[in-house]
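Since the structure comes first, as structure tokens, the remarks are kept for the end.
The values are calculated or read from the model by the stated rules, or taken from the named source; none is laboratory data. Predicted, not measured: the structure shown is a model, and the values here were computed from it. Don't worry about glycine lacking a Cβ; one is built from the backbone with ideal geometry, like all the others, and counts go over all protein chains shown.
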Amino acid sequence: MIEAVAARDPLDALLADYLQYLQIERKASPATSSAVQRECGFFFDHCRARGLTQPAQVDIHTVREFIARRHRDGLQPPTLRRYLSCIRGVFRHALKLGVAQHNPAAGVRAPKGKRVLPKVIAAEALGAALDQTPAAPIEARDHAMVELFYSAGLRLAELHQLDLPPGVAGTGFPDELRVLGKGNKQRIVPVGVRARQALDRWLRERGQFAAAGEHALFVGARGRRISRAQIGIALNQWAIRTGLPTHLHPHKLRHSFATHLLENSGDLRAVQELLGHANLSTTQIYTQLDWKHLAKIYDDAHPRARRTG
């Protein structure tokens, strides 16, 4: 494939070929492709500034210098890890194409930083807000979105692309949904009874908003699929209306779903499956979120922790 872009700068040619591979063979999302193009582009600009124009000329010192420079510029470890992931990926591709003899990012690690734990909403506060009945038809949509985010632990992209389930008008909303997650991986998520009630309420109102032939579960003012930005705005407006004292966004609801579920079940593997995490290590961050709760369980349950007299 790289011959098709051979007339370009060799680094640009490699990146173009890698992006084509991601889009066609790996079915990468537009957001992923855009991030790779941006971050590998920054690195290749760094290489050119040092007189390196061929993939084979790039070595581990080049990568380390780039990461150190970006760190001095104020980028945090999670961002630097993302840069390294992109560089490793593009050079794995370069090895397959035979335009590099080694992966210069293979032995480079990002600086360690303080791990920022996800913020969660107190279950009692969120429950009190969700118990309020929507006062207007469009508020029924916002309420249903919040219930579904919290009930199923969905990502923003997963909720955004949901269509009406087949036959939903006649039988009520189903108790499970099939969603398309990261890497185009499908998973089935449960929909709790409160979420189904909220969704049924929205479906009774949806007809007055949805354009003819629109299949999206959630629609905006123009009758078409609501945009991701509109979902964020709607969630914050819902939080203000219900008196929820927090800036509300989809990932905060996803974090709350995971934390509250783990807190009450202790089943890390089940939470991993419900969240759609490929690796258990990604889910394990939630084990750190509620140490006070775990400490209380220990104090109440361990025979040598209980106070006497």
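The table for this structure:
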{"read-out": "Qualifying positions in segment 197-213 - under 18 Å from Q161 (Cα atoms) and either in a strand (DSSP E or B) or within 26 Å of the chain's Cα centre (by Cα) (or both)", "value": "L199, W202"}
{"read-out": "Count - residues of segment 214-225 that are more than 19 Å from A195 (Cα to Cα) and part of a loop (DSSP other than H, G, I, E, B)", "value": "7"}
{"read-out": "Residue in segment 61-90 that is farthest from A110 (Cα to Cα), counting only those that are modelled with pLDDT of 95 or more and β-branched (V, I, T)", "value": "V90"}
{"read-out": "Selection within segment 242-267 - in a loop (DSSP other than H, G, I, E, B), farther than 19 Å from E147 by Cβ and of a type in the set (G, A, S)", "value": "G266"}
{"read-out": "Of the criteria (1) of a type outside the set (S, T, Y); (2) under 30 Å from G223 (Cβ atoms); (3) in a loop (DSSP other than H, G, I, E, B); (4) touching a Leu at 6+ places or on another chain (Cβ under 9 Å), which one V108 fails", "value": "(2)"}
{"read-out": "Segment 220-232: number of residues that are surrounded by 16 or more Cβ atoms within 10 Å (Cβ to Cβ) and either under 12 Å from A157 (Cα atoms) or in contact (Cβ under 8 Å) with a residue 40 or more places away in the chain (or both)", "value": "3"}
{"read-out": "Segment 134-190, subset more than 19 Å from the chain's Cα centre (by Cα), assigned to a loop (DSSP other than H, G, I, E, B) and aliphatic (A, V, I, L, M), residue surrounded by the most Cβ atoms within 10 Å (Cβ to Cβ)", "value": "L164"}
{"read-out": "Count - residues of segment 178-229 that are under 18 Å from L274 (Cα atoms) and of a type outside the set (D, E, K, R)", "value": "13"}
